[in-house]
1. Would you mind calculating the gained length between residue B:211 and residue B:239 on full extension (0.36 nm times residue separation, minus the Cα-Cα distance), in nm to one decimal?
2. Along each principal axis of its Cα atoms, how long is the range B:1-55 end to end? Whole angstroms, biggest number first, please.
3. Provide B:8, A:151 in ascending order of the number of other Cβ atoms located within 10 Å of each residue's Cβ, fewest first.
4. Over what distance in Å are the Cα centres of the range B:74-107 and the range B:110-134 separated?
5. Expressed in nm to one decimal, what extension gain is obtained for the pair residue B:225 and residue B:61 from 0.36 nm per residue of sequence separation less their Cα-Cα distance?
6. Name the trypsin sites (Lys or Arg not before Pro) in the range B:197-258 that are in a loop by DSSP and that have at most 10 other C-beta atoms within 10 Å, would you?
7. Normalised by the residues of the range B:165-257, what does the relative contact order come to in percent, with Cα pairs under 8 Å and at least six apart?
8. Each residue of the range B:47-54 in turn: what ³J(HN,Hα) in whole Hz from Karplus with 6.51, -1.76, 1.60 and θ = phi - 60°, glycine and Pro shown as x?
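Laboratory data are not the source of any read-out in this text; all were calculated from the coordinates shown. Being a predicted model, the structure only gives us computed values, none of them experimental. Glycine gets a Cβ as well: all are built from the backbone with ideal geometry, and neighbour counts include every protein chain shown.
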Amino acid sequence: MEISLTVNGTEHTTDVPDNSLLVEIIRERLNLTGTHVGCDTSQCGACTIHMDGRSVKSCTVLAGQADGADITTIEGIGTVDALHPMQEAFRENHALQCGFCTPGMIMSAIDLVENGKPLDERSVREGLEGNLCRCTGYHNIVKAVLDAQDKM
Amino acid sequence: MYRFNYHKPDDMDAAQQMMADAEDGVYLSGGMTLIPTLKARLASPTDVIDLSGLALSGIELADDSLTIGALTLHSEVAAGNEISSLSNLALAIGDAQVRNRGTIGGSIANSDPGADYPAAVVALGATINTTAGAIDADDFFQGLFETALKPGAIVTSVTFPLPVRAAYEKFPNPASRYAVVGVMVAETNGGVRVGVTGAGPCAYRQRNFEQALADNFSVAALDGLEVDYAEFNSDIHASAEYRGHLVGVMARRAVAQIT
Ligand SMILES: Cc1cc2nc3c(=O)[nH]c(=O)nc-3n(C[C@H](O)[C@H](O)[C@H](O)COP(=O)(O)OP(=O)(O)OC[C@H]3O[C@@H](n4cnc5c(N)ncnc54)[C@H](O)[C@@H]3O)c2cc1C
Ligand code: FES
Ligand code: FES
């Protein structure tokens, strides 16, 4: 089937198998490999992207469901020279170690700051429930999100 | 995932026709249950019929009830409405990304033993509106992943009568947030109702709690009441006996919230 979607501001029309997942289109067709796949069970959040402005797990969306959608991935939020304030806050606060969970964490955190109420430590932890990190113990991730909140 | 044909009909009749024509069709709403199931190869439908093109979303307030469209997202119910216990319940489902996709219709049609909404459907005495007629909450949940929904029928909305007061408390699985046990206690215009999820094969009413609370709506009224856990779920997360204990604890916490 043919689908059209806008990814990081560019429109793409592509022919895909009916049973493909959005994350497969993003990684394998568009070569945007910043979006990671960390599990098979829709639990880790490494694949989090924005679909029409809200955080979703792209491993649990069929390509057909994303037809016509506006998608933003980690590649679409900042550049190496001009990081997004959330990326900068993760760097400043040492909020990553291996970095595998980081793209998903950052996409979730941006949605949390942009679309939620003012955050405190507890609400950041609750808001990032859908993102697992096996390295950091979360402490510095929470610090980074609170720091970014003031700069976004 | 096994191969399947994907369809996105834009009206209800077309959706039902596609289901009738399919060899082994399945409806898709948010996909937060169905897609993990397909990925794990636990299901192999020939056709997946995406309902997201149907106009079944939104929350509507009438004089004494709230009607929630089947495609309304958990995040939309969580954002707040006239039944605060229901928005609190929705806010405690899974995680933000799951709430941004999952729908009330999908949750109810699925009747997962650990799903949250069924406790509210039962406790508030809701009506499930479907393309094959309306079904009373007391008749809807029939067993593990089993409901009174007719084959091929679509849940279109759920109507919740506004309660006098109601509260939901759950003991979440620490990883998935599904209810190990969840209890909603409601004082409704039809009397006190207690809906339990997570404990048994599907949501049910804890009638002895209802009677005790009807006489005396207080935490103390629940002291010493028995919960028959013989048919409860037993797994690595909790034994049937422990779930039986949790029903009492969650019910007392819910009553404490609103007294
Ligand atoms: C990580 C994770 C954590 C979760 N945690 C929780 C939790 O804490 N509590 C909880 O309650 N749930 C939880 N869920 C499940 C989530 O709430 C699902 O969104 C919900 O159970 C199903 O809704 P859906 O719209 O995604 O349905 P889908 O997955 O699209 O469909 C589910 C089933 O219902 C059928 N169906 C869907 N819509 C209709 C309709 N309108 N009419 C008839 N049949 C229909 C489908 O054919 C399918 O069989 C979790 C899910 C995940 C992935
Ligand atoms: S890859 Fe783990 S939730 Fe998507
Ligand atoms: S930094 Fe390694 S998983 Fe989070």
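1. So the chain would gain 7.4 nm between residue B:211 and residue B:239.
2. 30, 22, 11
3. A:151, B:8
4. One Cα centre to the other: 14 Å.
5. 55.4 nm
6. Counting only loop positions with at most 10 other Cβ atoms within 10 Å, none of the trypsin sites (Lys or Arg not before Pro) in the range B:197-258 qualifies.
7. 30
8. Whole-Hz 3J(HN,Hα) from phi for the range B:47-54: 9, 10, 10, 7, 7, 5, x, 8.
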